[in-house]
Structures are given as structure tokens and as C-alpha cells.
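First comes the structure, then the notes that go with it.
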Amino acid sequence: MLLQVARKKTLHNLVNKIKFGKLKGGDFGRAVLCYVAPIVMKQKEKNIQLSFSKAGHFWLDSGLVGLKKILDEMEKEVNFKQKDNEFILEGSREAVQRALEQAYDILVERYYNISTKKQREDTRAYNFYYDSKKDRFYSFPKKKSCGIAEIIYNKAPRPTGTSVKWAYKSDKKVEFEYNGKKIKRTLVRLPESHAHLQERMDDFLNENELDITTSGLLVDGPYAVKPKVNIKVGSEPKKVKGHCYFCGHPSDTFEEATQTTFPLITGTSGVLSFNSMAQKPEKVCWKCFFLGKFVPVNGFYYTSGDDIFTFFPY
């Protein structure tokens, strides 16, 4: 209370000095302290704690270990600590959100959005996209998830940017000559909005011997294999609508319990077939939905023919 009164008095004196043109260097420093110090103190008070609890479920607990392993190798913007059966992240809401998003990006690029040796070597099968900021085209190999990640999420890559639909696309490959060599590929034409890129795109395709395999021109990003997550840091349940099927914690928002959370659960349509009394499928909180993706970090596997054998330290 005394600090608040003193600050008001100091500000009153500074306002008078500003009015009469008598503000000095030292006065300016006091003005900065009066305004900035409370803001800094207020920001420090906004730190939150986000906890991930051990669920007693081998799959989700493996995912928790996987998340911790990736966070441990990252530059620390938030504090981590373990307490009993909880793993706790502490920092500002924005910092905790960024840490989890960065950890997830590392996970995806390391386990889900990868290219096999064959895919990297087969350069003629590469796709391509246009970077509007750098004003140039880039080629990239095909992507797929492998191993344990493939068990969790085995779907086709999706655009990370936007896509501009072709104005025209030939039904079959056309053979023609380019710089003295024969080229055989699908012909496409860009719409008027991107017609200025047509010649450069054709040259890029011909020089790299690429074919058209997409429904449109990819812009500002390649295809990527990236399971959906919904990270909701700092949002306490406003109105509890139920409890998570796996961890039992209350929540106001839920995700469908699918194979990306736990692979022994089938998809939404399959779950409906096995629910008693034709009830709706179970729901999970965003944390369990998130942790289920990190299991490949902690697991081991080997393949034999079409079979995969997985092991999880627990």
C-alpha cells in the first residue's frame, strides 16, 4: 500500500515537471521504474504450472517419458521438475505453449515425417512446392511414418501450406523434347492468378525430371505427415463436462479416442460397432491425446517381413 502511494506521488511530480518543461535525466529513470517495474512484477506473477501425471497405463506412460526426453534436449525456456508421479512444466503460459509445440515439431520430424532411403534416392519421384517469400521452387522426397509411429499414424501426407488447383491437367503423360533430351510427364497449366510462374515452373520440372503427382501447386510448404494435436496450455476447465477415459482427470473439452492415442482402439466408426448399447465412443483429454504421439521416442522395435515387434521399457 505504501509503495502504491509513493508511486502515485512520484508520478504526480513527474507530470508537473513535464508540464513546465523541467524533466531531467534522473527523473526519466524514475518514470521508467514507476511504469516498467510493476509490469515486470505482474508478468512474473503470471507463471503457471502444467502437470502431466503418470496414468498407470504402459502406452501413455511411455509417451510421457518420450515427451520428457525431447524436452530435456531442448534449450530451457521453462522449468521442469518431477514430483511424486507428476512431471511439471513451469513458466509463462506462452513459454510453456511454445515448449510443447517445439517438442511436438521435433517429434514429428524425427519419427513421423521421414523419408526412407529409397524415397530419398528416387529423386524423379520427388514432389515440389513454390516458396512465395523466396520466390523459388523446391523439390522434396516423399514422406511416411515408420516403425511404432506407423502403428500410431499411417496416413498420407497433407499440405503444410496452401494449394492452387491446376487450371488444366493432361489425362496422361506427354512426351516432348527439352534442351536436347526427351521428357515424358504430365502437363499442367496454372490459373491466371499464378500464370506468371508457368514458364519457371515448367523449366524447374524439366530440369529436375519431375512429374506432376498433386491436384494443384503446393505453395509455401511441402507435404508432411503430422498427426493432429490440440495443445491447450493454461486453460483450466471452465465447466467440467466429463472425465478423461484414460487418466480420469476432469475436462471441459475432449477428443475422440482413436488409434493415434492408443493403437488398440480402432477408429471412430469401428468404436461405434463395439460400444455397448450403441453408445458414443469414449473421449480423452488433450494431454492424453498429446502424449500418445510421443511413444516412439521411448519404444524399440524390429521388423520381420510384414510383422513388427515392439518393446516399451516400463
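No value in this document is a laboratory result; all are computed from the given coordinates. Small disclaimer: the values here were computed from a predicted structure and weren't measured.
Couple of notes before you dig in:
- Here segment 117-224 carries DSSP beta bridges of which approximately 90% are antiparallel, counting only pairs with both residues inside.
- Close amide-amide hydrogen proximity is noted between ASN127 and PHE140, LYS142, each under 5 Å apart and 5 or more residues distant or on a separate chain (H modeled in the peptide plane; Pro and chain starts excluded).
- In this structure, the pairs whose alpha-carbon distance is over 26 Å, taken from LYS69/LYS144; LYS241/LYS287; LYS172/LYS226; LYS54/LYS143, are LYS172/LYS226; LYS54/LYS143.
- Relative contact order (%) - segment 157-255, alpha-carbon pairs under 8 angstrom, separation at least six: 31 percent
- Members of LYS68/LYS118; LYS134/LYS293; LYS76/LYS232; LYS76/LYS133 lying beyond 29 Å, as alpha-carbon distances in this model show: LYS68/LYS118; LYS134/LYS293; LYS76/LYS133
- Taken one residue at a time, the phi angles of segment 51-66 give Karplus couplings (6.51, -1.76, 1.60, θ = phi - 60°) of 10, 10, 9, 5, 8, x, 10, 4, 6, 5, 5, 5, x, 5, 5, x Hz. Gly and Pro are set to x.
- The string of couplings for segment 202-217 from the Karplus curve (6.51, -1.76, 1.60, θ = phi - 60°) is 4, 4, 4, 5, 5, 5, 9, 6, 9, 10, 8, 10, 10, 7, x, 6 Hz, one whole number per residue in order, with x for Gly and Pro.
- Using θ = phi - 60° in the Karplus curve 6.51 cos²θ - 1.76 cosθ + 1.60, the 3J(HN,Hα) couplings for segment 158-170 round to 10, x, 8, x, 10, 9, 9, 5, 5, 6, 8, 9, 5 Hz; x is entered for Gly and Pro.
- Amide H to amide H distances under 5 Å link SER92 with ILE48, where only residues 5 or more positions off or on other chains count and H is placed in the peptide plane.
- Pair-distance distribution of segment 51-110: all C-alpha pairs, bin width 5 Å, starting at 0; shares per bin in whole percent are 4, 18, 29, 26, 17, 6, 0.
- Cα pair distances in segment 117-224, grouped into 10 Å bins until the bin that holds the longest one, percent each: 13, 43, 32, 10, 1
- For LEU187, the residues whose amide H sits under 5 Å from its own are SER170, VAL174, ignoring neighbours fewer than 5 places away on the same chain, with H placed 1.01 Å from N.
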